[in-house]
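Worksheet: one structure, shown below.
The values are calculated or read from the model by the stated rules, or taken from the named source; none is laboratory data. Here the structure is a predicted model, which is why all the values come from computation and not from measurement. In this analysis, Cβ positions are derived from the backbone assuming ideal geometry, glycine residues included, and neighbour counts consider all displayed protein chains. Side chains included, ligands, DNA and RNA excluded: accessible areas come from the protein's heavy atoms. Shrake-Rupley method; radii C 1.70, N 1.55, O 1.52, S 1.80 Å.
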Amino acid sequence: MIVILKQNSSENQVGEFIRRMETLGLKTHLSRGENTTIIGLVGDTSMLEPEKLKSEEIVSDVKRVSEPYKKANRKFHTDDTIIDVRGRKIGGGYFQIIAGPCSVEDEEQMSAVSKSVKASGAGLLRGGAFKPRTSPYSFQGLENEGLELLLSAGRKEGLPVVTEIMDTADIGLFGDVDIIQVGARNMQNFRLLKILGQTDKPVLLKRGLSNTLEELLMSAEYIMAGGNEKVILCERGIRTFEPSTRNTLDISAVPMLKKMTHLPVIVDPSHACGISSLVLPLSKAAVAAGADGLMIEVHNNPPKALSDGAQSLTPQAFDALTNTIRPYIGLEGKRF
Ligand code: PEP
Ligand code: MN
């Protein structure tokens, strides 16, 4: 980290600042130029807040030269992290498809969808029981009953399940869930992230609608700093000026995140575009860009879906999708 000092700072003030930084375990390098004096801070500066330093009387500006995330950082962990969910591996060349309805609706739906997605090659079953809806008048999810229906469909088909948590108070209900999803709208719900850091469940962390990749990694860092290093990142489209799709799939996020972090990165093309006919081309793009998996919404009767019907694939369309990408993800989910 580089601290640029104000021109009128006195020797005493500079000496006192340097001593304070050194008591934090940092090394300091003072450099006095003709017009500017700067101090280089070397060591673990992740606990320093640039904004706080900027409020010091002698500090004019602060620049970070290293990333503020440590545990998620590829620099300190060069190998890809592989997350094993009851035998389904994700990351490090292992590719998984997570599929299922947007919302869990009833037993018949869950039974039809889980059977068909399994037959088409999905490795994990998704389904929302607690739904983050823009309108309070829209279907909010079946909550506890929905969790039960999802878990029972997953058990019947031998598929691990993924479902979203919206509130810290519900954590006790997620004991049998295999992967806990943090939705885009909760990516920066820091209390929720901290609670998940205390569990040993894999967490699927979706990128917020308007969040940078660094912010996504800082949210992953919250979970990891609590002791839970099993975080899967998900690019699900971001908000841009383009209204013809629900969001804009930031495909460059995939290879960029792979450079920045060792954590697995998956893509959710369904929420990215909001239109079922675009899900296949975006899935191909995700595979080509190096994603470790896909999360896709599938419904046995999309026009009747209680949420996100327009972006949901029929079981037949999902089967066509898995057949198209299978040659590129290899057998048993291991990429070539
Ligand atoms: C979902 O996966 O059901 C969902 C609500 O997604 P997102 O948080 O990405 O909008
Ligand atoms: Mn949805």
- prompt: Name the residues in segment 95-121 that are closer than 23 Å to residue 292 by Cβ, within 16 Å of ligand 2 (Cβ to nearest atom) and part of a loop (DSSP other than H, G, I, E, B), would you?
  reply: 101, 102
- prompt: Here is a list of conditions, (1) without any contact (Cβ under 8 Å) to a residue 60 or more places away in the chain; (2) open to solvent by 10 Å² or more (accessible area, probe 1.4 Å); (3) in contact with a strand residue (DSSP E or B) (Cβ under 6 Å, 6 or more places away or on another chain), and residue 124 meets all of them except one; can you say which number that is?
  reply: (2)
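Could you go through segment 283-299 and let me know if any residue there is open to solvent by 40 Å² or more (accessible area, probe 1.4 Å) and within 16 Å of ligand 2 (Cβ to nearest atom).
The answer is no; no qualifying residue exists.
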message: Among the residues of segment 125-150, what is the count of those that are closer than 26 Å to residue 320 by Cα and more than 16 Å from ligand 2 (Cβ to nearest atom)?
response: 0
- prompt: Of the numbered conditions (1) open to solvent by less than 60 Å² (accessible area, probe 1.4 Å); (2) at pLDDT 95 or above, residue 329 satisfies every one except a single condition; which is it?
  reply: (2)
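Kindly evaluate residue 230 against the criterion of being open to solvent by 10 Å² or more (accessible area, probe 1.4 Å) and more than 13 Å from the chain's Cα centre (by Cα).
Values: open to solvent by 10 Å² or more (accessible area, probe 1.4 Å): yes; more than 13 Å from the chain's Cα centre (by Cα): no.
Against the criterion (open to solvent by 10 Å² or more (accessible area, probe 1.4 Å) and more than 13 Å from the chain's Cα centre (by Cα)), residue 230 does not qualify.
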message: With the requirement that a residue be of a type outside the set (D, E, K, R) and in contact (Cβ under 8 Å) with a residue 60 or more places away in the chain, what does segment 31-78 give you?
response: 62, 65, 66, 68, 69, 72, 73, 77, 78
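On the given criteria, is residue 70 under 19 Å from the mean Cα position of the chain (by Cα) and assigned to a loop (DSSP other than H, G, I, E, B)?
Values: under 19 Å from the mean Cα position of the chain (by Cα): yes; assigned to a loop (DSSP other than H, G, I, E, B): yes.
Yes; evaluated as a whole, the condition is true for this residue.
Return yes when residue 255 is open to solvent by 10 Å² or more (accessible area, probe 1.4 Å), under 19 Å from the mean Cα position of the chain (by Cα) and not charged (D, E, K, R) and no when it is not.
Numbers: open to solvent by 10 Å² or more (accessible area, probe 1.4 Å): yes; under 19 Å from the mean Cα position of the chain (by Cα): yes; not charged (D, E, K, R): yes.
For residue 255, the condition - open to solvent by 10 Å² or more (accessible area, probe 1.4 Å), under 19 Å from the mean Cα position of the chain (by Cα) and not charged (D, E, K, R) - is met.
Is there a residue being under 24 Å from residue 257 (Cβ atoms) and buried (at least 20 other Cβ atoms within 10 Å of the Cβ) anywhere in segment 164-172? Quick ask: steps written out before the conclusion?
As a first pass, look at segment 164-172 and keep what is under 24 Å from residue 257 (Cβ atoms): 164-165.
Those still in the list that are buried (at least 20 other Cβ atoms within 10 Å of the Cβ) too: 164-165.
Yes, some residue in segment 164-172 is under 24 Å from residue 257 (Cβ atoms) and buried (at least 20 other Cβ atoms within 10 Å of the Cβ).
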- prompt: Which residue pairs have Cβ atoms closer than 9 Å, lie 6 or more positions apart in sequence or on different chains, and pair a first residue in segment 176-200 that is closer than 19 Å to residue 86 by Cα and in the same structural domain as residue 295 (by TED's automatic domain parsing) with a second residue that is of a type in the set (Ser, Thr, Tyr) and part of a loop (DSSP other than H, G, I, E, B)?
  reply: 180/199
message: Regarding segment 24-44, can at least one residue be identified that is in contact with a Lys or Arg (Cβ under 8 Å, 6 or more places away or on another chain) and within 16 Å of ligand 1 (Cβ to nearest atom)?
response: no
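Looking only at segment 99-113, filter to residues that are within 16 Å of ligand 1 (Cβ to nearest atom) and not hydrophobic (A, V, I, L, M, F, W, C); which one of those is most open to solvent (accessible area, probe 1.4 Å)? Before you say what the answer is, go through the steps one by one.
Step one: of segment 99-113, the residues within 16 Å of ligand 1 (Cβ to nearest atom) are 99-105, 109-110, 113.
If we keep only those that are not hydrophobic (A, V, I, L, M, F, W, C) as well, we get 100-101, 103, 105, 109.
On the way: 100: 0, 101: 1, 103: 1, 105: 29, 109: 5 Å².
In this case the residue turns out to be 105.
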